[in-house]
Structure formats: C-alpha cells, structure tokens
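The structure appears right after this line, and notes come after that.
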Amino acid sequence: MNLNYRLINNLVWAGGFGEMQKLRAACSFPESAQEKTLRNILASASETVYGKEHHFSEIISAKTDADMIQLFRRNVPPVEYEDLRPYVKRMMSGEADVLFAGKPVFYATTSGSTGDPKYIPFSQTYKENVYGRMSRLMLFIFRKFRKQVFSGYLFSVVGKAVEGRTPDGTVYGSVSSLMQRSAPKFMRDIYAVPNEVYEIEDYGARNYTLMRFAIEKNVTLWVAPNPSTVLELQNNVDQWLDDFIEDIGNGTLSDRIPVPEGIRAALKKYLKPNPERAFELRRLQTMNERVLPRHYWPELQIVSTWKCGNTQIYLKRMSQFFRYTVFHQELGYFASECRAGLTLDGSNESVPMPHMHFYEFKREKDLKDPEAPFLLLNELKEGERYCPFITTDSGLYRYNMNDIVQVSSPYLNTPRLHMVQKVNGIVSITGEKLYEDQFIKAVDMAQAATGKTLVYYSGYVNLSESRYDWYFEFKDRKIKQKDAEAFAKIVDDNLKNLNIEYESKRNSFRLKNPAVFLLEPNTFDKFKAYILGKTHRDASRFKPNVLAQNEEIHNVINRFILRRKKR
C-alpha cells in the first residue's frame, strides 16, 4: 500500500471540494451562470482579431443579458474547424491576439474532416481554469466513490505529449499527456508508468512497455479513455506474459522490443530486479487459464473509460476482466476541442459546466435547417436529442461539436447529457438515415437471439452498389460464410424494426441486401495499428465509427477480410 495515500486523499479532497461547490452553485442557477460566462469570455477577447471582426465590444455593451445573447447570435456565426483554420495558422506563425488574448501555450491535435489534422489552441486561462480545475474535480470524484483509490498506483493511458512544434515553436500533441505531466507532484509520484514510455512511436513496442511497467505495480486506478485500449493491453498480457515475468524478475526491458535507444536509456533508472513480483505473476499463470486484471491487480478500485456511443461494443468483452467490487466510472463528455462535462456518479450522464463554457444546442431534427432556433441549457427537454455548439475562452465561438447528445434528468437545475454518437454516425444511401446506435442495437439483439458473439464488427456505406457492407469477426472461428449471412439477416430484420425508413427502402429494393464479410482474427488491433501508423494520432483516443460513410476507411477494412489476399 502507498504509505502516503492518506495525505494524497486529503490533498485531493481539499483541492476538489471547492470546485464541487462552485459547480453546484452554477448548476443551481444555470441561466445566470451561462450569461456571466459568455460575458467574461467575450470581454477577454474583445480586442482580438476575431473579437473586433465580430463586434465583441458591442455585444457585451448590451443593456440586458437577453440582448447580449441576441447580439452574440446575430454577429457571431456557428463555425466548423475549417472556418477557424486561417486564424489558427496565424497563431501558429506567432501572431498574438487572434482568437483570444495573447498566444497559445499548447495545441491539442485531433483528426480533421479534410484529412489535415486539427490544431486546437489552448490559452493559458483555458489550461488553468478548465483542465486544471476540472482535473481536481475528477480526482475528487474518484476519491468520493473509493477511499482506497489512491492507495496504490495510477495507470493512465495517454498519448504523446510532444508530436511536434508549430512554426513559432509552440508544442502540439496529446492534451491528456500534457495534463498528466502538469499534475501536482503528489500525483506524479504514484504514476505506474514513466512519462518517457508515452514517447515511444512504435505501436507494439509502446504497448509492451506500458504493460511491462504497469503489471509490476499494484494498480488501484486505471484511466483509459477508450475501452478498446483495455482489451488491447490485455491481449498484450496474453501474448507477452512470459516475457513480462522475465523482465520484471531481472529488472530489464527486453531487447526484442524495438524501443529507441534514447528512451531505453532514460528508462533504465526505473528498472530494478523484482523477483518477488515475478514469482507472484508466475504463480497466477499456473493457477489461471488466462491471467486478467482481477488477478494481477486484485486491489483495483476504479476503471475510468468512456461508456457512451460506439464504445459500448467493447464494454461487454471487458466486463469479465474485473472483480465485482471495481467501480466503472464514465470518463465524461470531452473531446480535444472542449472538456464539456463530467460524470458525478456511476451513470453515463455528464454534467455540463455552466461556469466554464457557454453552451448552445440545436435539435437533432433541425440540424440541416439554418433557420431553426438555437437553445440554451435551461431550454433543453429531457429525452430529446441535440447537437451542442460550444463557446470557450480558448478561441472557439459557437463551435459545432458534431455530436449527438441526449438529455437526461437534471443535476440540480442543469440537464445532464448523454453522448449518443457523432453526427457523422448518421448515414444514408437513399434517404433512410440509419443511425450508428441503431446498428449497434440491431447487432446486440442478433447476438442475444443467436448466442453468437462478435469480437469486432463495423458497417460501411457502399454507394456504388446501393447497399451496406457489414464486417463481422466472430469469437467462434468455426463460423462459416453461410452462418454469417444468417446472422446478418437477423441484423437486417432488426434494423427494419428499429428504422421505418430503412424498412421502406429495403422492402422497395432501393436498398439491396447487405453484403457480409468475415474478418481475420484480431482485426481491430490490426486495423487500429494500420490507421495509427498512417496518421500518428493519439492511440488512447482512437474511436472509429462503427457505422460510417468513408471510402478511404472502407478500403482499409477490406485488407482484413478472412481468406482474402491482401493488397
């Protein structure tokens, strides 16, 4: 047990209690909190290039808060990232006071719709107020649900902190890694994995090294945004446990793993022979057919991942990994652009932060109607679906998050939000508007009806053939093509019941029968490695759509069709 865990608990409680009180106050009166937040954001950026172009000074001079919001909407258009890219390029070249006062201290990178990465600028204010304060609140929530959560080590799977530098020298990379490195020393002291490991570029070598360090420790908190990462790292244990045991016993990092020499040299100071732990892991290996986290981390308290949207397809597969006492905490609603909300309990519902961001919403059914009204937090209705538009003090103004969220019961007087899917998770060939969550539900129902279990699956639009192409990897390797087609028929029937437009298009033959393809073993790992090898994006946040209209990615998945010669 970590001898300092009581001190850590006290520091976490002290740091988070005040933030919780501020959140409660804002959520009690969300309308006034939102008006104050918007006014502060616009005032701080009124002398910037963007602020002058969009008349921020005039907006905040409005006599009433209602007039201010009306002027804001009249002068500031909703935007996508590509609308902001010219301003970001100016900032990246060193120009100050463009989207916000001063210069960015960091850029978070994420994939862009044009193929070029998005570079999301971080102001110092945003880094401190949103990521700093919300991180304290998140740790406070962990401590609230499991008092022993900091009694061991924290294993957080993050991306590469420094992917490169802009022309003016500002770092861009993974925001999760930036925040991990910026944590107070009392938290850094309980990290299970040295920061240098996250700089390893080779995907396989990085995963090996992550688990080589983590499995040696008594991990009590595991944070991995995408649950597919949990599955992937467990597959790593399945493959390399003998090597982990040897490395831990000898205090080494296997020479067979292609870790760059500079990083390998930096890691030597963390490597010491640990024969006791090696013996314990060997004992677990002899006692269990498969050594899982419930065996090698028996004191694990909390696992925190996303549980919403298309990540649900991985959750059932990892449920057997953990003891029933482990608390599975939804990580909350956030993206590289914005940390929009946190979950305060064991549900999938995120509480927005009315005192940190300004939120607007459009009804899902109105997304393509430019005349449809925008709504505020206090105008949302429980059970309905919306697309959020976020304004931050880091240069995003009425920014389209391209997410579909569903409103659930309120926290105090503020509606909670449940992430459903990306807007681009809605696809259509002939007007059927098929939703990703409908596809997931149809597959889940087919698995329940047949008893057949899928390890991985995905679906893609095939416009040239007017059909959907479905890709299935079954747990049972003996399943034949005819079995897959019978399974697909059930999925197809389920979709007809879930989506009346899909039923109409299928029955009228405007949509042809779906095509079914069996996938190679471990397709998701291969698919992920291939995509990350091409894009060099943050592996911990890799979250491809389960249902998509993307010809490039569609071509990639075809590389992994069973018994198909690879191109």
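In the range 382-396, how many residues are open to solvent by 10 Å² or more (accessible area, probe 1.4 Å) and more than 19 Å from VAL423 (Cα to Cα)?
The qualifying residues number 2.
Are any residues in the range 473-486 assigned to a helix (DSSP H, G or I) and touching a strand residue (DSSP E or B) at 6+ places or on another chain (Cβ under 7 Å), and if so, which ones?
Once the filter is applied, which keeps residues that are assigned to a helix (DSSP H, G or I) and touching a strand residue (DSSP E or B) at 6+ places or on another chain (Cβ under 7 Å), the range 473-486 yields GLN481, ALA484, GLU485.
Based on what the data block shows, is VAL461 touching a Gly at 6+ places or on another chain (Cβ under 7 Å), in a strand (DSSP E or B) and among the hydrophobic types (A, V, I, L, M, F, W, C)? Working first, answer last.
Numbers: touching a Gly at 6+ places or on another chain (Cβ under 7 Å): no; in a strand (DSSP E or B): yes; among the hydrophobic types (A, V, I, L, M, F, W, C): yes.
Taking the combined requirement at face value, the residue does not satisfy it.
What residue, of ALA45, ALA26, is in contact (Cβ under 8 Å) with a residue 40 or more places away in the chain, in contact with a strand residue (DSSP E or B) (Cβ under 9 Å, 6 or more places away or on another chain) and not charged (D, E, K, R)?
One residue alone meets the criteria, ALA26.
Based on what the data block shows, is TYR324 surrounded by 20 or more Cβ atoms within 10 Å (Cβ to Cβ) and either under 30 Å from HIS295 (Cα atoms) or in contact with a Cys (Cβ under 8 Å, 6 or more places away or on another chain) (or both)?
no
Tell me, please, whether a residue that is in contact with a Lys or Arg (Cβ under 6 Å, 6 or more places away or on another chain), over 20 Å from TYR270 (Cα atoms) and either in a loop (DSSP other than H, G, I, E, B) or modelled with pLDDT of 90 or more (or both) can be found in the range 217-226. Walk me through it before giving the result.
Our first condition is that a residue be in contact with a Lys or Arg (Cβ under 6 Å, 6 or more places away or on another chain); within the range 217-226, this holds for 225-226.
The next check asks that each one be over 20 Å from TYR270 (Cα atoms); those that pass are 225-226.
Right, trim to either in a loop (DSSP other than H, G, I, E, B) or modelled with pLDDT of 90 or more (or both) and you get 225-226.
Yes, the range 217-226 has at least one match.
Would you please list the contacts, defined by Cβ atoms under 8 Å and residues six or more apart or on different chains, that run from a residue in the range 458-478 that is among the basic types (Lys, Arg) to a residue that is in a strand (DSSP E or B)?
Partner pairs satisfying both residue conditions: ARG467/ALA515; LYS475/LEU454; LYS475/VAL455.
For the condition assigned to a strand (DSSP E or B), at pLDDT 90 or above and more than 30 Å from GLY173 (Cα to Cα), what is the one hit in VAL455, VAL491? Step through it out loud before you land on a result.
Numbers: VAL491 fails: assigned to a strand (DSSP E or B).
That would be VAL455, the only listed residue that is assigned to a strand (DSSP E or B), at pLDDT 90 or above and more than 30 Å from GLY173 (Cα to Cα).
Mind listing whichever residues of the range 211-231 are open to solvent by 10 Å² or more (accessible area, probe 1.4 Å) and either of a type in the set (Gly, Ala, Ser) or touching an Asp or Glu at 6+ places or on another chain (Cβ under 7 Å) (or both)?
Of everything in the range 211-231, just one residue is open to solvent by 10 Å² or more (accessible area, probe 1.4 Å) and either of a type in the set (Gly, Ala, Ser) or touching an Asp or Glu at 6+ places or on another chain (Cβ under 7 Å) (or both), namely ASN218.
Take the conditions touching a Cys at 6+ places or on another chain (Cβ under 7 Å), under 30 Å from ASP97 (Cβ atoms) and either in a strand (DSSP E or B) or open to solvent by less than 40 Å² (accessible area, probe 1.4 Å) (or both) and apply them to ILE404. Does it pass?
no
Would you point out which residue out of ILE263, ILE248 is open to solvent by 20 Å² or more (accessible area, probe 1.4 Å), modelled with pLDDT of 95 or more and of a type in the set (Val, Ile, Thr)? Give the derivation first.
Working: ILE248 fails: open to solvent by 20 Å² or more (accessible area, probe 1.4 Å).
Selected residue: ILE263, the only one of ILE263, ILE248 that is open to solvent by 20 Å² or more (accessible area, probe 1.4 Å), modelled with pLDDT of 95 or more and of a type in the set (Val, Ile, Thr).
Which residue, of ALA372, ALA278, is over 27 Å from TYR153 (Cβ atoms) and small (Gly, Ala, Ser)?
Testing whether each residue is over 27 Å from TYR153 (Cβ atoms) and small (Gly, Ala, Ser) leaves just ALA372.
For the range 460-471, does any single residue satisfy the condition of being closer than 21 Å to THR523 by Cα and open to solvent by 10 Å² or more (accessible area, probe 1.4 Å)?
Within the range 460-471, one or more residues are closer than 21 Å to THR523 by Cα and open to solvent by 10 Å² or more (accessible area, probe 1.4 Å).
Mind listing just one residue for me: the one in the range 407-438 that is part of a loop (DSSP other than H, G, I, E, B) and among the hydrophobic types (A, V, I, L, M, F, W, C) and, of those, farthest from the chain's Cα centre (by Cα)?
ILE429
For the range 1-42, how many residues are open to solvent by less than 50 Å² (accessible area, probe 1.4 Å) and either modelled with pLDDT of 95 or more or not in a loop (DSSP other than H, G, I, E, B) (or both)? Don't jump to the end; show me each part of the working.
To start, the set of residues in the range 1-42 that are open to solvent by less than 50 Å² (accessible area, probe 1.4 Å) comprises 2, 5, 8-9, 12, 15-16, 18-20, 23, 26-28, 30, 33-35, 37-38, 41-42.
When the remaining residues are screened for being either modelled with pLDDT of 95 or more or not in a loop (DSSP other than H, G, I, E, B) (or both), the result is 5, 8-9, 12, 15-16, 18-20, 23, 26-28, 30, 33-35, 37-38, 41-42.
Here the count works out to 21.
Which residue is nearest to THR392 (Cα to Cα), if the candidates are limited to the range 61-86 and must be hydroxyl-bearing (Ser, Thr, Tyr) and open to solvent by 40 Å² or more (accessible area, probe 1.4 Å)?
Among them, the one singled out is SER61.
Conditions tested, residue by residue: (1) under 26 Å from the mean Cα position of the chain (by Cα); (2) under 30 Å from VAL405 (Cβ atoms); (3) open to solvent by less than 50 Å² (accessible area, probe 1.4 Å).
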| position | (1), (2), (3) |
| --- | --- |
| ASN274 | no, no, yes |
| PHE279 | no, no, no |
| ARG282 | no, no, no |
| ARG290 | no, no, no |
| PRO293 | yes, no, yes |
| GLN301 | yes, yes, yes |
| THR305 | yes, yes, yes |
| GLN312 | yes, yes, no |
| LYS316 | yes, yes, no |
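Can you tell me how many residues in the range 362-381 are in contact (Cβ under 8 Å) with a residue 40 or more places away in the chain and either buried (at least 22 other Cβ atoms within 10 Å of the Cβ) or touching a strand residue (DSSP E or B) at 6+ places or on another chain (Cβ under 6 Å) (or both)?
4
Okay, residues lined up against (1) open to solvent by 30 Å² or more (accessible area, probe 1.4 Å); (2) in a helix (DSSP H, G or I); (3) at pLDDT 95 or above; (4) more than 17 Å from LEU271 (Cα to Cα):
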{"site": "LYS160", "(1), (2), (3), (4)": "yes, no, no, yes"}
{"site": "GLN180", "(1), (2), (3), (4)": "no, yes, no, yes"}
{"site": "VAL193", "(1), (2), (3), (4)": "no, no, yes, no"}
{"site": "GLU196", "(1), (2), (3), (4)": "yes, yes, no, no"}
{"site": "THR209", "(1), (2), (3), (4)": "no, yes, yes, no"}
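Return the only residue of SER336, SER304 being of a type outside the set (A, V, I, L, M) and in a loop (DSSP other than H, G, I, E, B).
Exactly one of SER336, SER304 is of a type outside the set (A, V, I, L, M) and in a loop (DSSP other than H, G, I, E, B), namely SER336.
Residues in the range 535-553 that are crowded, with 18+ Cβ neighbours inside 10 Å and at pLDDT 80 or above: how many?
Of the residues in that region, 5 qualify.
Quick check, is TYR399 of a type in the set (Phe, Trp, Tyr), more than 26 Å from PRO514 (Cβ to Cβ) and open to solvent by 10 Å² or more (accessible area, probe 1.4 Å)?
Considered against the rule, which asks whether it is of a type in the set (Phe, Trp, Tyr), more than 26 Å from PRO514 (Cβ to Cβ) and open to solvent by 10 Å² or more (accessible area, probe 1.4 Å), TYR399 comes out as no.
Based on this model, can you work out whether LEU498 counts as surrounded by 15 or more Cβ atoms within 10 Å (Cβ to Cβ), in contact with a strand residue (DSSP E or B) (Cβ under 8 Å, 6 or more places away or on another chain) and touching a residue at least 24 places away in the same chain (Cβ under 8 Å)? If you could, list the steps in order and put the result at the bottom.
Values: surrounded by 15 or more Cβ atoms within 10 Å (Cβ to Cβ): yes; in contact with a strand residue (DSSP E or B) (Cβ under 8 Å, 6 or more places away or on another chain): no; touching a residue at least 24 places away in the same chain (Cβ under 8 Å): yes.
When the stated conditions are applied, LEU498 does not pass them.
Within the range 182-191, work out how many residues are at pLDDT 85 or above and either within 18 Å of the chain's Cα centre (by Cα) or in a loop (DSSP other than H, G, I, E, B) (or both).
The total comes to 2.
List pairs: first residue in the range 125-151 and closer than 30 Å to PRO298 by Cβ, second residue of a type in the set (Ser, Thr, Tyr) and surrounded by fewer than 21 Cβ atoms within 10 Å (Cβ to Cβ) anywhere in the structure, Cβ distance under 7 angstrom, at least six positions apart or on different chains.
From the range 125-151, the pairs are PHE150/TYR5; SER151/TYR5.
The values are calculated or read from the model by the stated rules, or taken from the named source; none is laboratory data. Here the structure is a predicted model, which is why all the values come from computation and not from measurement. FYI the Cβ positions are ideal-geometry reconstructions off the backbone, even for glycines, and counts take in every protein chain you see. Heavy atoms of the whole protein, side chains included, go into the accessibility calculation; ligands, DNA and RNA do not. Shrake-Rupley method; radii C 1.70, N 1.55, O 1.52, S 1.80 Å.
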